[in-house]
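Undergrad: Quick one: the structure is below, and I'll ask about it shortly.
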Amino acid sequence: MAVIKISNNKTPIKEQDPKVRAHNFKEVVLGYSLEEAVAEANRCLQCVNQPCVAGCPVNIDIPGFILALKNRDLTKSAEILKSYNNLPAVCGRVCPQESQCEGRCTVGKMKGHEPVAIGKLERFVSDWEASQETINIPEISSKKLGKVAIIGAGPAGLTAAADLAKMGYEVKIFEALHAAGGVLMYGIPEFRLPKSIVEREINFIKSLGVEIDTDSIVGRSITISELKNDFDAIFIGTGAGTPSFMNVPGTNLNGVYSASEFLTRINLMHAYEFPESDTPVRLGKHVVVVGAGNVAMDASRSALRLGAENVKIVYRRSEEEMPARIEEYHHAIEEGIEFHWLTNPIEYIGDDKGNLTAVKCIKMELGAPDASGRRRPVPIQGSEFTIETDMVVEAIGQTSNKVLLSAFPELKLTPHGYIEADPETGQTSIKGVFAGGDIVTGAATVILAMGAGKKSAIAIDEYVKSKKVAR
Amino acid sequence: MFEITSKEKIAAKEYEIWVKAPQVASHAKPGQFVVIRTSHNGERIPLTIADFNVEKGEIRLIFQAVGKTTYEMATMKVGDSLQDIAGPLGRPSEIKKYGTVLMIGGGVGIAAILPILKTLKDAGNKVITILGGRSADLVILKDECEKHSDELIVTTDDGSMGMKGVVTDGMKVLAKRGEKIDHAWSIGPTVMMKFSAYTAKDLGIPIFVSLNPIMVDGTGMCGACRVTVGKNIRFACVDGPEFDGYEVNWDEVMNRLRQYKDQEKISLENYMAKVGDLSWL
Ligand SMILES: Cc1cc2nc3c(=O)[nH]c(=O)nc-3n(C[C@H](O)[C@H](O)[C@H](O)COP(=O)(O)OP(=O)(O)OC[C@H]3O[C@@H](n4cnc5c(N)ncnc54)[C@H](O)[C@@H]3O)c2cc1C
Ligand SMILES: Cc1cc2nc3c(=O)[nH]c(=O)nc-3n(C[C@H](O)[C@H](O)[C@H](O)COP(=O)(O)OP(=O)(O)OC[C@H]3O[C@@H](n4cnc5c(N)ncnc54)[C@H](O)[C@@H]3O)c2cc1C
Ligand code: SF4
Ligand code: FES
């Protein structure tokens with residue numbers, strides 16, 4: 001066997017200069033050219049055992065789409081991707097590849113080598129497809145098999161809707177906000193996931209015949225029993241959008257935000273374009289963001305782009321436990337975000353007008369492992385100190401959206417308040433009602449939500465067919 | 001799009017509109033609100049559902065022009081459409097037979113008290129209503145409130161209608177004559193709600209207030225609307241908007257309403273520079 005010669009590093013990708021991008025909301029990563037993409041595709045070994053595929057939550061035929069790209073057959077490459085993943089342009093940008101496909105890649109296991117840049121290739125191929133004049137709309141069966149209601153237009157709901165429409169169902173999505181997309185629209189910022197890409201995917205789903213009813217809050221604007229009467233099956237993908245607060249003293253001071261509010265103002269309401277856009281957002285000069293997940297990275301980098309002089313991330317654990325995508329962490333460091341590990345806020349301090357002026361923190365150390373297997377952070381007595389700040393953003397997690405759940409008390413929930421559903425089908429405790437995505441798993445990832453939508457689409461098809469036969 | 005089917009000026013800078021929103025109309029209950037946007041660049045603002053007509057599929061909104069969005073609404077005409085209406089939102093008022101209820105409305109808050117007092121009247125309560133305003137022309141919906149109340153008291157700061165004074169003076173008059181009140185509601189400017197809650201507490205009357213914090217989504221997903229009630233942080237859009245008036249941290253509510261003062265000013269000035277003279281509002 002000939003000695004294989006592959007470059008140690010991923011083919012470099014063009015990015016906006018950190019100094020420039022820290023002041024705009026345009027996408028950070030600019031993408032590969034065809035030649036660069038082919039060069040990167042050439043690093044793939046086409047492994048027979050396909051470890052990358054096993055690492056992908058929806059088992060995309062990764063060597064397959066990379067091989068087609070290598071052969072410059074982009075149409076085929078895109079077809080392969082689309083047959084597994086309804087939102088490849090999104091996933092290529094936001095999946096935690098380092099702990100999924102790329103984390104298992106054989107090349108990455110070789111000494112001194114980085115894995116194949118699978119995510120960047122996925123993004124390249126799907127962006128190429130979108131740039132083509134003709135977009136292939138798959139053939140849709142003209143006979144209507146039944147009617148399905150989808151609650152929530154996030155990745156889970158959109159995926160279930162698209163798959164069911166392709167099978168020949170009449171599908172209607174009910175979305176509470178004025179725009180579809182879920183977290184893709186209101187949470188993840190423009191500089192990481194341009195909204196035009198999300199809109200493109202949504203338009204594609206509409207072109208399949210899916211109807212999207214925005215401003216429609218199930219449980220309020222329409223009841224569950226109305227849905228049960230009008231539809232053969234229901235899929236719930238309402239997500240985990242309720243912000244949690246640390247509940248330390250001073251939480252309601254002006255200047256303390258949940259990341260959900262801060263990011264919704266910026267992304268959904270375009271507050272970064274104020275006053276052209278009507279919705280304002282506070283412009284903090286000295287900003288402290290609590291937490292170190294993707295949400296915290298997005299919040300801190302957004303604050304910087306709005307003009308903050310400095311942005312500090314405080315996290316109660318250490319760098320090792322940080323849950324954010326590694327690429328976002330690197331980008332944040334390049335842009336000048338400061339990280340304060342093993343630090344936790346214990347009080348927000350304000351002036352007599354209720355405006356935040358400082359945050360009191362305590363240093364932490366890692367103790368014995370907790371239930372999650374991670375070492376539990378414990379405060380170090382007497383280590384309190386204060387940071388002067390005019391804006392704090394708490395990004396410490398979200399829980400289930402309650403509006404629907406409180407209107408649907410029959411639905412069985414888990415002890416943590418999420419919907420109890422079969423992981424393979426999404427079947428809930430109620431016949432004909434399926435659920436998937438963050439509302440079942442708790443805050444997770446786009447690809448897992450999408451995968452859940454796919455599985456439920458199949459299960460819903462089986463359910464509706466069997467129901468019609470029985471009749 | 002949600003079409004405006006009628007529009008009327010009811011006081012200086014105060015307007016009433018009926019808008020087509022069949023889904024909201026058929027599900028609305030007293031005490032609930034909607035979130036609206038005027039255009040695709042617009043802010044999401046909450047407005048109380050003052051009335052609804054299920055057959056026509058329309059809802060009634062009554063608003064005071066105070067900033068960019070409400071000014072813009074005031075310039076809209078019959079046949080124009082709002083970009084978005086989402087709702088009904090919030091928990092409906094607790095309607096049951098209490099006995100005698102005292103309904104206190106001030107300013108544009110009268111629009112919010114009206115649907116609740118009507119329903120309480122239908123539920124068999126004796127309804128005593130106090131409406132307050134700075135002057136006679138600002139006491140809106142007086143006739144409608146009167147029609148559904150057993151007794152109506154009007155208070156004005158300048159004495160141009162009813163008794164001279166504020167709503168709490170009206171409350172004290174009732175207490176003095178020994179009227180036994182089983183429950184009260186107070187909806188209006190935050191200061192008015194604060195002091196009517198204090199007075200109610202002194203008089204031993206349980207009282208609901210309807211808080212109006214700044215909101216974004218209105219569905220419990222952002223926490224912008226958080227208020228402290230008792231020892232707990234509550235989200236007014238899903239846990240309220242009505243809360244036990246004794247328990248609200250009023251100073252915090254008022255501080256939080258001032259959060260965007262500077263930007264609100266810029267927004268309105270820009271708008272006025274664009275559309276020209278708005279003194280007719
Ligand atoms: C800031 C941020 C950054 C993130 N970054 C990443 C990342 O880089 N990579 C990654 O993989 N994941 C990331 N995630 C997580 C990921 O976005 C979520 O796991 C995913 O969006 C979940 O999808 P979903 O469809 O279950 O729910 P959501 O995306 O939350 O969508 C749920 C939708 O349901 C609607 N809804 C709720 N209640 C009702 C109702 N009663 N009636 C009608 N509609 C309703 C909501 O308005 C919403 O639009 C991030 C999350 C956030 C918040
Ligand atoms: C549940 C609820 C019901 C309401 N019902 C009515 C009603 O029936 N009629 C009516 O005239 N007003 C009502 N309000 C108040 C109304 O929402 C605000 O007057 C409106 O948002 C002002 O927007 P603007 O752009 O015109 O003014 P802005 O320039 O934005 O603000 C002017 C004032 O309104 C307050 N405000 C600003 N934005 C919001 C917001 N998103 N939510 C709440 N208050 C805000 C500010 O504190 C400021 O004092 C209600 C508020 C709530 C929370
Ligand atoms: S593991 Fe890496 S090298 Fe092997 S097929 Fe997958 S992407 Fe290619
Ligand atoms: S307005 Fe967002 S949670 Fe109440």
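Undergrad: Find the strands (runs of 3 or more DSSP E) located wholly in the stretch B:116-199 whose residues include 3 or more that are buried (at least 22 other Cβ atoms within 10 Å of the Cβ), and list them.
TA: B:126-133, B:183-187
Undergrad: Also, I was wondering about something else. For the stretch A:238-258, enumerate the residues that are touching a Phe, Trp or Tyr at 6+ places or on another chain (Cβ under 9 Å), surrounded by 21 or more Cβ atoms within 10 Å (Cβ to Cβ), under 22 Å from A:LYS402 (Cα atoms) and of a type in the set (Val, Ile, Thr).
TA: The answer is A:THR242, and nothing else.
Undergrad: Quick one: is A:ASP278 surrounded by 24 or more Cβ atoms within 10 Å (Cβ to Cβ), out of contact with any His (no Cβ under 7 Å at 6 or more places or on another chain) and without any contact (Cβ under 8 Å) to a residue 40 or more places away in the chain?
TA: Taking the combined requirement at face value, the residue satisfies it.
Undergrad: Related question: Just name the residue that is nearest to the other protein chains (Cβ to nearest Cβ) out of those in the stretch A:167-176 that are touching a strand residue (DSSP E or B) at 6+ places or on another chain (Cβ under 8 Å) and of a type in the set (A, V, I, L, M).
TA: As a first pass, look at the stretch A:167-176 and keep what is touching a strand residue (DSSP E or B) at 6+ places or on another chain (Cβ under 8 Å): A:169-176.
With the extra rule that they be of a type in the set (A, V, I, L, M), the set shrinks to A:171, A:173, A:176.
On the way: A:VAL171: 19, A:ILE173: 15, A:ALA176: 5 Å.
Among residues in the stretch A:167-176 that are touching a strand residue (DSSP E or B) at 6+ places or on another chain (Cβ under 8 Å) and of a type in the set (A, V, I, L, M), the one nearest to the other protein chains (Cβ to nearest Cβ) is A:ALA176.
Undergrad: Taking the stretch A:274-321 on its own, how many of its residues are within 16 Å of ligand 2 (Cβ to nearest atom) and over 23 Å from the mean Cα position of the chain (by Cα)?
TA: Matching residues across the stretch A:274-321 total 8.
Undergrad: Now a separate question. Give me a count of the residues in the stretch B:32-68 that are farther than 19 Å from B:LEU89 by Cα and open to solvent by 10 Å² or more (accessible area, probe 1.4 Å).
TA: Looking only at that region, the number is 9.
Undergrad: Something else now. Residues of the stretch A:291-312 being outside any helix (DSSP H, G or I), of a type in the set (A, V, I, L, M) and away from ligand 1 (no atom under 14 Å from the Cβ), which ones?
TA: The answer is A:LEU306, A:ALA308, A:VAL311.
Undergrad: Are there any strands (runs of 3 or more DSSP E) wholly within the stretch B:12-111 with 2 or more residues that are acidic (Asp, Glu), and if so which?
TA: Because the criterion is at least 2 residues that are acidic (Asp, Glu), the strands (runs of 3 or more DSSP E) in the stretch B:12-111 that meet it are B:14-20.
Undergrad: OK, next. Looking at the stretch A:383-398, is at least one residue away from every other protein chain (no Cβ under 14 Å) and farther than 27 Å from B:GLU252 by Cβ? Give the steps one after another, and end with the answer.
TA: Initial filter on the stretch A:383-398 (away from every other protein chain (no Cβ under 14 Å)): A:383-389.
Within this subset, residues satisfying the condition of being farther than 27 Å from B:GLU252 by Cβ are A:383.
Within the stretch A:383-398 (the criterion being away from every other protein chain (no Cβ under 14 Å) and farther than 27 Å from B:GLU252 by Cβ), the answer is yes, since at least one residue qualifies.
Undergrad: Going by the structure shown, is A:ASP215 more than 16 Å from ligand 3 (Cβ to nearest atom) and free of Cβ contacts under 8 Å to residues at least 60 places away in the same chain? Full working, then the answer.
TA: On the way: more than 16 Å from ligand 3 (Cβ to nearest atom): yes; free of Cβ contacts under 8 Å to residues at least 60 places away in the same chain: yes.
Yes: the conditions hold for A:ASP215.
Undergrad: Do the conditions hold for A:THR389, that is, is it under 28 Å from A:PHE191 (Cα atoms) and in contact with a Ser or Thr (Cβ under 6 Å, 6 or more places away or on another chain)?
TA: Here the answer is no, as A:THR389 does not meet what is asked.
Undergrad: Kindly establish whether A:SER400 is under 25 Å from the mean Cα position of the chain (by Cα) and farther than 30 Å from A:GLU15 by Cβ.
TA: yes
Undergrad: Let me ask something additional. Pick from A:ASN59, A:ASN71, A:ASN86: which is within 16 Å of ligand 1 (Cβ to nearest atom), more than 14 Å from every other protein chain (Cβ to nearest Cβ) and of a type outside the set (A, V, I, L, M, F, W, C)?
TA: Result of the check over A:ASN59, A:ASN71, A:ASN86: A:ASN86.
Undergrad: Here's something else I'd like to know. Scanning the stretch B:226-264 for residues that are of a type in the set (Asp, Glu) and farther than 24 Å from A:ALA176 by Cβ, which turns out surrounded by the most Cβ atoms within 10 Å (Cβ to Cβ)?
TA: Residues of the stretch B:226-264 that are of a type in the set (Asp, Glu), as a first pass: B:239, B:242, B:244, B:247, B:251-252, B:262, B:264.
Still in the list and also farther than 24 Å from A:ALA176 by Cβ: B:244, B:247, B:251-252, B:262, B:264.
On the way: B:ASP244: 13, B:GLU247: 15, B:ASP251: 14, B:GLU252: 17, B:ASP262: 12, B:GLU264: 19.
The qualifying residue surrounded by the most Cβ atoms within 10 Å (Cβ to Cβ) is B:GLU264.
Undergrad: Now a separate question. Tell me, yes or no, whether the stretch A:142-151 has at least one residue that is within 14 Å of ligand 1 (Cβ to nearest atom), in contact (Cβ under 8 Å) with a residue 12 or more places away in the chain and surrounded by fewer than 23 Cβ atoms within 10 Å (Cβ to Cβ). Even if it seems obvious, please write down each step before you answer.
TA: Initial filter on the stretch A:142-151 (within 14 Å of ligand 1 (Cβ to nearest atom)): A:149-151.
Keeping just the survivors that are in contact (Cβ under 8 Å) with a residue 12 or more places away in the chain gives A:149-151.
Narrowing further to those that are surrounded by fewer than 23 Cβ atoms within 10 Å (Cβ to Cβ): none.
The answer is no, given that none of the residues of the stretch A:142-151 is within 14 Å of ligand 1 (Cβ to nearest atom), in contact (Cβ under 8 Å) with a residue 12 or more places away in the chain and surrounded by fewer than 23 Cβ atoms within 10 Å (Cβ to Cβ).
Undergrad: Being surrounded by fewer than 22 Cβ atoms within 10 Å (Cβ to Cβ) and farther than 22 Å from A:PRO243 by Cα is the filter here, so list the residues in the stretch A:432-454 that pass it.
TA: If the condition is that a residue be surrounded by fewer than 22 Cβ atoms within 10 Å (Cβ to Cβ) and farther than 22 Å from A:PRO243 by Cα, then A:GLY432, A:LYS454 are the ones that fit.
Undergrad: Would you confirm, using the coordinates I've provided, whether B:TYR260 is more than 14 Å from every other protein chain (Cβ to nearest Cβ) and aromatic (Phe, Trp, Tyr)?
TA: Numbers: more than 14 Å from every other protein chain (Cβ to nearest Cβ): no; aromatic (Phe, Trp, Tyr): yes.
So B:TYR260 does not fit the description; no.
Undergrad: How many residues does the stretch B:34-87 hold that are more than 11 Å from chain A (Cβ to nearest Cβ), within 18 Å of B:GLU16 (Cβ to Cβ) and of a type in the set (A, V, I, L, M, F, W, C)?
TA: Number of matching residues: 14.
Undergrad: For the stretch A:26-55, name all the residues that are within 11 Å of ligand 3 (Cβ to nearest atom) and open to solvent by less than 50 Å² (accessible area, probe 1.4 Å).
TA: A:GLU40, A:ALA41, A:ARG43, A:CYS44, A:CYS47, A:PRO51, A:CYS52, A:VAL53, A:GLY55, listed by residue number.
Undergrad: So, in the stretch B:207-250, exactly how many residues are outside any strand (DSSP E or B) and more than 7 Å from chain A (Cβ to nearest Cβ)?
TA: Counting residues in the stretch B:207-250 that are outside any strand (DSSP E or B) and more than 7 Å from chain A (Cβ to nearest Cβ) gives 19.
Undergrad: Only one of A:GLU211, A:GLU261, A:GLU199, A:GLU273 is surrounded by fewer than 19 Cβ atoms within 10 Å (Cβ to Cβ), at the interface with another protein chain (Cβ under 9 Å from one of its Cβ atoms) and on the phi < 0 side of the Ramachandran plot. Can you tell me which?
TA: Answer to the check: A:GLU273.
Undergrad: Can you tell me which condition A:CYS105 does not meet? The list is (1) out of contact with any helix residue (DSSP H, G or I) (no Cβ under 8 Å at 6 or more places or on another chain); (2) without any contact (Cβ under 8 Å) to a residue 60 or more places away in the chain, and all the others hold.
TA: (1)
The values are calculated or read from the model by the stated rules, or taken from the named source; none is laboratory data. A quick note: this is a predicted structure, and the numbers were derived from the prediction, not measured. So basically every Cβ, Gly included, is an ideal-geometry build from the backbone, and we count neighbours across all protein chains shown. The protein model used for the area step is the full one, side chains on, heavy atoms only, and it has no ligands, DNA or RNA in it. Shrake-Rupley method; radii C 1.70, N 1.55, O 1.52, S 1.80 Å.
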